[in-house]
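Note sheet for the following structure.
Nothing in this text is a laboratory measurement; each read-out follows from the coordinates by a stated rule. In this text, all values refer to a predicted model and were calculated from it rather than measured experimentally. A quick note on method: Cβ atoms are made from the backbone with ideal geometry, for glycine too, and the neighbour counts reach across all protein chains shown.
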Amino acid sequence: MTNTYITNATWALTGEKIDLRMGHGDEPITIHRDGIALPGISKVTPAGEMQVPAGARQINAEGKILLPALFDLHATINIDGHSKRESIYRAGQAANRGGVWGMLVMPSRGFVFDNAATLDSFDDAVSQRSLATMVPAGCITEGMKGEQQAPYNTLAARGVTILSDSGNMPASLLMLHRAMKYAAEMELTFAIRGDVPCLSHNTYMHPSSTSYLLGLHGTPACAEEIGIETIIRLAKDAGVRLHVQTVSTAEGVEIIRRAKAAGMKGLTAEVALHHLLYTHENVGDYDTTFKTVPPLRESSDCAALLAGVKDGTIDCIVTDHTPCLPFAKKQDFVSAPQGMVGLDTFLPAIYTHLVKPGKLSWAEVVRACCTAPVDIVNPYDREEDVPVAAPLLLFSPDEQQLITADSLSCGTTNNPMLGSTLSGTVTLPINR
Amino acid sequence: MNPRKDLITINSLSDEDIRTILASTSAMKDIFTKSVKKVPALKGKSVLTLFYEPSTRTRSSFEVAAHRLSADVTTFTVSTSSVVKGESVHDTIDTLMSMKMDYIIVRHKNSGIPAVIARHCKAAVINAGDGAHAHPSQAFLDAFTIQEKYGDVAGRRVVIIGDILHSRVARSTSTILRRLGAQVAYMGPGPLVPPRQHTGIPRFTNWEQIFEWKPDVIYLLRVQNERIDTPFFPTADYHAAFGVTEERLRRIDDLNLSIMHPGPVNRGVEICDTAMEYRNCLINNQVENGIAARMSILYHLTPQTQCHD
């Protein structure tokens, strides 16, 4: 087997320029650098020191950034009216374009992961159709109805490590508390968004000058904050690992910061990229692309969330990828479904809006988008009986791309970056 | 004014547009005193009233306005239509556009629906009230009524009292009055009045503050029980705390203030019985001016429907 040589790549974690040798004979090899696994790499040297044999395949990565590919801890892939196989294929293709090698797939209408048969057929379809690793999150309750616990033992035997009802907070705290106690002994993690449904019922955006102007009822920040405090206390009491999904308020970050500082084990949290970048003002004149749950809030919330990512209170940045058909988003704001897609543009958007302006370092991006999500999910190849390691990618920051409906692979166009130019393109895998 | 297809919000209008529509309202009102209360301005044009929410006053006001401009009016009755069978707004509009309507007057419980319809069709769309968003024709009739009473809206002080949160009237009327140079304040039960940092409008909590502010007009809103699922406040308190009681009516009379209300009025809740006969009660003027304002709005919009004359 011939080796491929990658020269002059900039290693994202330290900024050093390095050369790499991919493969070594027939042996799959993984070496480590700065605590990160480099799967398939057999040798690393400072740039210019690698002996490249004549005739060997060489990729000059001058000006390109080398980093582990991203893992998205929050993706809904179901596209209404499309087959499951098509939904899986689209999401995988979009993920690769956005620098994402794997994702935690939330249960949804098309993918109700509350039984063994559904998980088996999903795994089959993913292995046949997907360009990306897809780990299903099992349902907390049967049919995500919030009533009866799903069979966690059966789900865990099929490789499920995370349980979620995809943003829905079960109405009965007693049921949830019992579910957590039961799941704790199977080492499962609950992924829940903080919410008090009766406070957020029939609300459509952040209460603000925009909601007043548009005559839309606001979702109070306290609904999310009381919800976060509630699930943290339930999980602590039950002794189960908890991952807080899509935190959107400054006070929500502070509640998690306090719980972590008080020594709570097994508590992690995520922020959706759009909550770092957009506010209620982006809703403008009923722009349904910016209808999200939780809603886009104030710029002070964006700043607090970013600070939370930087100090590790917020462990991960996720896409909260949610495909919505164009027709559905053309309805009025109240009737239109919530959600944005973000897989296609994930890494270029992070680079353009956070890394390039100096708000996040590459090392922080690697932690929040590559290593922390993988640590939470622990993706495992049950056939090979080994943990799955993230592949590497090359990122070309100087290449510009205009985001158009045609350039998106995910199958729908509800991407807030549509019509804008992003810096950077992704090469995944690096020897593509 | 520049040709415009739709009227969705007051904010979408220029100052010149607002003044033009107000000026023509006066001319339209003159027609009411003639023996023939009709002009041929919209002869041969079709007007559709599409009300997804119950309404008698606004709907009939628009219908009378359209008739006085000689338009043909069709009424789309939602309760007997396929909307109750689950048809989407887009599909309803496609059906209606096949009937070649020139003007669509729409009311819906969801904020933002008229804008969606306006983008989707060539007819001129008039928002007759969408959720808590906007009710621009009400704003015009209110501004015209104040202008008629005081000669000018500029410099007047208007306090709007009641359920501001759910009120499209409060939003549109406060917008037009402030654009015309009036000052506006809000008062109502705490959970029903958004904070000043969201509205940009001062917020009073009791009548004493209102009287100190020296308003010209007391503008009362109806308590909209139909929009309220979980109670916002104890309704038994309302009349005593926020309504025009007999005692407050005497002070209003002493200070020579005007009373307005978009109707329908809940007697004994936002207003005492005798206030309806108060000499400066402008509620009936509002109804009459509503027809003139709506005639003016219809007259100034330009549908993009094709003509082959």
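For the reader, a short list of remarks on this structure follows.
- Length gained when the stretch B:Thr74-B:Lys37 is fully extended (0.36 nm per residue, less Cα-Cα span): 11.3 nm
- Here the stretch A:230-289 yields Rg over Rh of 1.12, to two decimals, using C-alpha coordinates and the Kirkwood radius.
- Whole-angstrom Cα spans of the stretch A:364-423 along principal axes, big to small: 43, 27, 18
- For the stretch A:96-211, diffusion coefficient by Stokes-Einstein and Kirkwood Rh (Cα), 37 °C, 0.692 mPa s, µm²/s: 213 µm²/s
- Volume per residue that the Cα convex hull of the protein assembly as shown spans, once the total is divided by residue count, Å³: 189 Å³
- Cα gyration tensor shape of the stretch A:4-66, rounded if a/c is under 1.5, else prolate or oblate by comparing a/b with b/c: oblate
- Tail weight of P(r) past 37 Å, computed on alpha-carbon pairs of chain A, percent: 21 percent
- Modelled FRET efficiency - R0 30 Å, A:Leu199 with A:Asp285, Cβ distances, 0.05 increments: 0.65
- The base-10 log of I(q)/I(0) for the stretch A:116-172, evaluated at q = 0.21, 0.26 Å⁻¹, reads -0.80, -1.05 [Debye formula, identical scatterers on Cα atoms, solvent excluded].
- Above 17 Å, the calculated P(r) of the stretch B:117-234 contains 57 percent of its Cα-Cα pairs.
- Residue exposure sequence - A:Thr322, A:Thr404 - by fewest surrounding Cβ within 10 Å: A:Thr404, A:Thr322
- The largest-to-smallest principal axis extents of the Cα set in the stretch A:170-316 are 49, 33, 21 Å.
- Considering helices alone, the calculated mean residue ellipticity of chain B at 222 nm is -11500 deg cm²/dmol, with DSSP H runs of length four and up weighted by -39500 (n - 2.57) and normalised per residue.
- For A:Glu399, residues with placed amide H under 5 Å, excluding near neighbours: A:Gly424, A:Thr425
- Relative counts (whole %) of C-alpha pair distances in the stretch A:28-100, using bins that are 10 Å wide: 14, 32, 27, 19, 8, 1
- Taking the C-alpha atoms only, the angle from helix A:221-238 to the longest principal axis of chain A is near 80 degrees.
- Using a Gaussian network model of chain A in which every pair of alpha carbons under 10 angstrom is joined by a spring, one finds that among A:Leu104, A:Leu214, A:Leu155 the greatest mean-square fluctuation is at A:Leu214.
- Radius, Kirkwood style, for the stretch A:287-432 when every pair of distinct Cα atoms is counted (Å): 17.0 Å
- Cα-based helix-to-principal-axis angle, A:173-184 vs chain A, degrees rounded to 10: 30 degrees
- Rg(Cα)/(2.2 N^0.38 Å) for the stretch A:155-198, N = residue count: 1.19
- Relative contact order computed over chain B (Cα-Cα under 8 Å; 6+ residues apart), in percent: 22 percent
- Short-range pairs are left out: with C-alpha atoms under 8 Å and at least six residues apart, the relative contact order of the stretch A:69-386 is 18 percent.
- Separation between Cα centres of the stretch A:314-373 and the stretch B:166-193, rounded to whole Å: 37 Å
- Residue exposure proxy: A:His321, B:His90, ordered by other Cβ atoms within 10 angstrom of their Cβ from fewest to most, comes out as B:His90, A:His321.
- The GluC sites (Glu not before Pro) of the stretch A:115-222 meeting both criteria, a DSSP state outside H, G, I, E and B (loop) and at most 12 other C-beta atoms within 10 angstrom of the site's C-beta, are A:Glu147, A:Glu185, A:Glu187.
- Theoretical ellipticity at 222 nm over chain A - DSSP helices of four or more residues, -39500 (n - 2.57) apiece, nearest 500: -8000 deg cm²/dmol
- Among A:Leu418, A:Leu13, A:Leu174, residue whose mean-square fluctuation peaks in a GNM of chain A (springs only between Cα atoms under 10 Å): A:Leu174
- The Rg/Rh ratio of chain B, with both radii computed over alpha carbons and Rh defined as the Kirkwood radius, is 0.97.
- For chain B, the tally of Lys pairs with Cα-Cα distances below 14 Å comes to 6, considering only residues 8 or more apart or on different chains.
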